[in-house]
Amino acid sequence: MEKYTYLLLNLGSILIPFIFSFEKRLRFVKDWHALFPALLITAVFFIVWDHFLTIWGVWGFNPEYITGTWIWSLPLEEWMFFICIPYASIFTHYAVGYFFPNLQLSKKVTVYITIVLFLISVVVLILNTDKWYTLINFSVFAGLLAYSFFAKNTILQKFYLTFLVILIPFFIVNGILTGSFIHQEVVWYNDNENLGIRLFTVPIEDAFYAFSMLFANLILIEKFKKVFK
């Protein structure tokens, strides 16, 4: 049964959001035309990233917790991760926005937060050019924040807050993947390639990784909504 751990985590993460996508009030299904192209485009980028960091030994996968089907150096479950987890997280973002329509930061506060996070990420990546995961992670994160700032994108006004909600299931799922609640980790990390700071068992970079993956999806979703209007 252990070999289905990663598979069941993926399926368990998407199950309830998928079912409630058809709920009459939320009707998340109506946004699928924009959601799935965004998921696929973002998945391609992160899978390429994932592939190279895997073959460079930045991280790897415990064969005891995966079914054994590999595609391009990655287990099938890792490919599923880039659909299941973003789907569930983006559903949560829009669901929170639906039930709390006034939950958002002011433009001024959002800009301040973005500038501070951008400066912190630039300092971190400059000081850690010898660590692949840290360097790539904070480069992508800083790049997305810079795009949002200059494009005057408004998504972050809500996403900074909804991401705090998303972090709850994120730490549960990623916690299990990195060894919480089970005997060994599903995904192991080479701490020579990251900051070595763990939130429970989760490398701190993973939170920024998740932010970048979800924010990139939201940017594309909003663009596709306009294109397919």
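The values are calculated or read from the model by the stated rules, or taken from the named source; none is laboratory data. Keep in mind that what you see is a predicted model, and the values were worked out from it rather than measured. As a convention, Cβ positions derive from the backbone with ideal geometry for all residues, glycine included, and neighbour counts pool all protein chains shown. Remember, those area values only see protein heavy atoms, side chains included, never the ligands or the DNA or RNA. Shrake-Rupley method; radii C 1.70, N 1.55, O 1.52, S 1.80 Å.
Here are a few things to note about the model shown:
- Distant-in-sequence amide contacts of Trp188, defined by a placed amide H-H separation under 5 Å and a gap of 5 or more residues or a different chain, comprise Gly60, Phe61, Asn62.
- Top positive-direction residue, dipole computed over the chain with Cβ charges, set Ser180, His93, Trp49: His93
- Accessible surface, the chain, averaged per residue in Å² (probe 1.4 Å): 51 Å²
- Inter-part distance where the stretch 194-229 and the stretch 116-144 are each reduced to a Cα centre, Å: 14 Å
- Amide H contacts of Leu105 (H built 1.01 Å from N, in plane; Pro and chain starts excluded): Lys158 sit under 5 Å, all sequence-distant by 5 or more or on other chains.
- Ranked by how many other beta carbons lie within 10 Å on average, peptides 114-120, 153-159, 88-94 from highest: 88-94, 153-159, 114-120
- Only helical runs count toward this figure. For the chain, summing -39,500 (n - 2.57) over DSSP H runs of n ≥ 4 and dividing by all residues gives -23000 deg cm²/dmol at 222 nm.
- FRET E, pair Tyr98, Leu40, Förster distance 22 Å, beta-carbon r, rounded to 0.05: 0.35
- Applying 1/(1 + (r/R0)^6) with r as the Cβ-Cβ distance of Val122 and Phe22 and R0 = 41 angstrom yields a FRET efficiency of 0.45.
- The portion of the accessible surface of the stretch 155-200 made up by carbon and sulfur, rounded to a whole percent, is 66 (1.4 Å probe; DNA, RNA and ligands excluded).
- In order through the stretch 147-152: 3J(HN,Hα) via Karplus (6.51 cos²θ - 1.76 cosθ + 1.60), integer Hz, x for Gly, Pro: 4, 4, 5, 6, 7, 6
- Across Lys108/Lys158; Lys158/Lys223; Lys152/Lys226; Lys24/Lys158; Lys108/Lys152, pairs whose alpha-carbon gap is larger than 19 Å: Lys24/Lys158
- Binning the alpha carbon pair distances of the stretch 131-229 at 5 angstrom intervals from zero yields the distribution 2, 12, 19, 20, 18, 13, 8, 5, 2, 0, expressed in whole percent.
- A simple rule links phi to the HN-Hα coupling: the Karplus curve 6.51 cos²θ - 1.76 cosθ + 1.60 with θ = phi - 60°, which for the stretch 104-110 gives 7, 7, 6, 4, 5, 5, 4 Hz, with x for Gly and Pro.
- Partners for Lys3 among aspartates and glutamates (Cα-Cα distance below 14 Å; same-chain residues under 8 apart left out): Glu64, Glu77, Glu78, Glu185
- Carbon and sulfur %, accessible surface of the stretch 40-83 computed with the full protein complex present, 1.4 Å: 77 percent
- GNM result for the chain, Cα springs below 10 Å: residue of Asn137, Asn128, Asn192 fluctuating most strongly: Asn192
- Length released on extending from Lys152 to Lys107, taking residue separation times 0.36 nm less the Cα-Cα span: 15.3 nm
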